[in-house]
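Structure, as structure tokens:
No value in this document is a laboratory result; all are computed from the given coordinates. Since we're looking at a predicted model, the values are computed, not measured. Reconstructed Cβ throughout: ideal geometry from the backbone, glycine too, with neighbour counts over all protein chains shown.
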Amino acid sequence: MKAPFLGQAMSDIPESFSTKYKGIASPVPGDDLENPIYTGRYFIVPENGETSLQEAVNSFSQAMGMSVASSGDYSPESFKEENIADADIFLYEDLGFALVSADQEQVQMMETVLSTQPLRIEPELVMYSIPFEGSPLVEGIAATNPVAVAAGPCTWGIQATGSDISIFTGKNVKVAILDTGLDLQHPDFAGRVPAANQRSLVPGLTSVQDMHGHGTHCTGTACGRKDNVGTRYGVAGDSEIYIGKVLDNSGRGAQAWAINGINWAVSQNCKVISMSLGAKVFPGISFVTAYERAAANAVANGALIVAAAGNDSRRPGGQIFPVSSPANCPSVLAVAAIDSALDIAFFSNRSINPGQDVYIAGPGVDVYSSWLTPLRYKTISGTSMATPHVAGIAALIWEKNPSFTPAQVKTELRNLAKSLAPLLPTDVGCGLGTAP
């Protein structure tokens, strides 16, 4: 399997179906290899319901001399893309879609072969957590305190969500953070993340060591405890932490890496999967089918996926974008960001595309949490920071109600949510997530 390029301009997408995805890759200033949209790989997904994907894959792979590997030959616990280095096509057998590594000529041939079947080709998107101009998901913006600053017994987010007065701590609940990894040398997590709870899904990287910072920050908010002076910054401090590195050390990754991370977390029986990553979505664009199938499978296996609604909006200028991917999937819970005044964050996305709604909101502006050593702590902003607050609260709910299904946890989140009226449900969903 060809490694994802983590950057392909719209002009490189075959014209025969580029128009269909024009909304996804609507040009932005400076759209080039420094600001990637596509990985150069493709998903083949059923158009409507189930179809004989295996038969279709066999048909065009034989016609074009492409080699095929299947998920049925590997376990989610051990699978990485290195396992299929010689394959042109990887069939996600249980999920019902395929990942294809092909050049433009092969893609055009695939379209011809598949034209008589209820299948479609979707370009694989690049996932982000890093901040830069025009990024599909800008992270860390509005960080008014780039150097760690905290005062009092807990952060404003812990207090606003009522986590500081809850009797629950997430004990015995498995929480997976799919991100840039974790600083394994951070003293606040000593002994909490054994090797069995770590998995890098990034080809070429065997360790989950975070060299970026984003994953360490999100892990701290969801599962951390107190800093070196006793300030509490984490929601579910006694939860079992699972770290899936699905973004590289620059904060980028392929959709397939995130999907592989979801599958790994499910195989580890994680109850909560937190994903503070994404790709920009434009009005009128649907969710990614491959993501939805992976998310639906996770829910069917007892896991709740919580994801960032995205930071693409600039509300003071009247620019508001839909919920980003994968948070826009029906089986994923999308989290918006609010500030300490309980107002919507200026960057937080909105429910715009039908069925792709913000479900709930969390503290996401000036959030203090763990960071790479030697700094150890940092204050940053984003829907990425709101997401682990809600993920941690879900862990508290599961501790209180261990027999709950993901649907019941989702309902309980709504029942516990604090109204943020007059803010609109399209912006903050059912309100501010609060602890049981």
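Data overview
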item: Longest DSSP-loop-exposure-free segment, GluC sites (Glu not before Pro), the chain, at most 11 other Cβ within 10 Å; result: 134-436
item: Cα-based Kirkwood hydrodynamic radius, the chain, one decimal, Å; result: 21.4 Å
item: Contour excess over end-to-end distance, with Cα ends at ALA296 and ASP164 and 0.36 nm allotted per residue; result: 44.3 nm
item: 0 to 90° range, to nearest 10: angle between helix 406-416 axis and the chain longest Cα axis; result: 40 degrees
item: Length-normalised contact order of the chain in % [C-alpha pairs under 8 Å, at least 6 apart]; result: 17 percent
item: Dipole magnitude of the chain, debye to nearest 20 (Cβ charges: Lys/Arg +1, Asp/Glu -1, about Cα centre); result: 1420 debye
item: Residue exposure sequence - TRP156, TRP371, TRP398, TRP257 - by fewest surrounding Cβ within 10 Å; result: TRP156, TRP371, TRP257, TRP398
item: Contour excess over end-to-end distance, with Cα ends at ASP86 and GLN108 and 0.36 nm allotted per residue; result: 5.8 nm
item: Sorted by Cβ neighbour density within 10 Å, fewest at the top, the residues THR231, THR169, THR112; result: THR112, THR231, THR169
item: Entries of LYS80/LYS245; LYS271/LYS410; LYS174/LYS245; LYS80/LYS280; LYS171/LYS400; LYS80/LYS171 with Cα pairs more than 21 Å apart; result: LYS80/LYS280; LYS80/LYS171
item: Among PRO123, PRO388, VAL208 the positive-end extreme of the charge dipole of the chain (Cβ point charges); result: PRO388
item: R0 of 35 Å, Cβ-Cβ distance ALA195-SER67: FRET efficiency to nearest 0.05; result: 0.60
item: Zone residues, the stretch 218-242, relative to LEU375, backbone N less than 13 Å from point 7 Å out along Cα-to-Cβ; result: 218
item: Extension gain, ASN269 back to PHE282 (0.36 nm per residue minus Cα-Cα distance, nm); result: 1.3 nm
item: Cα centroid of the stretch 59-81 to Cα centroid of the stretch 359-429, whole Å; result: 37 Å
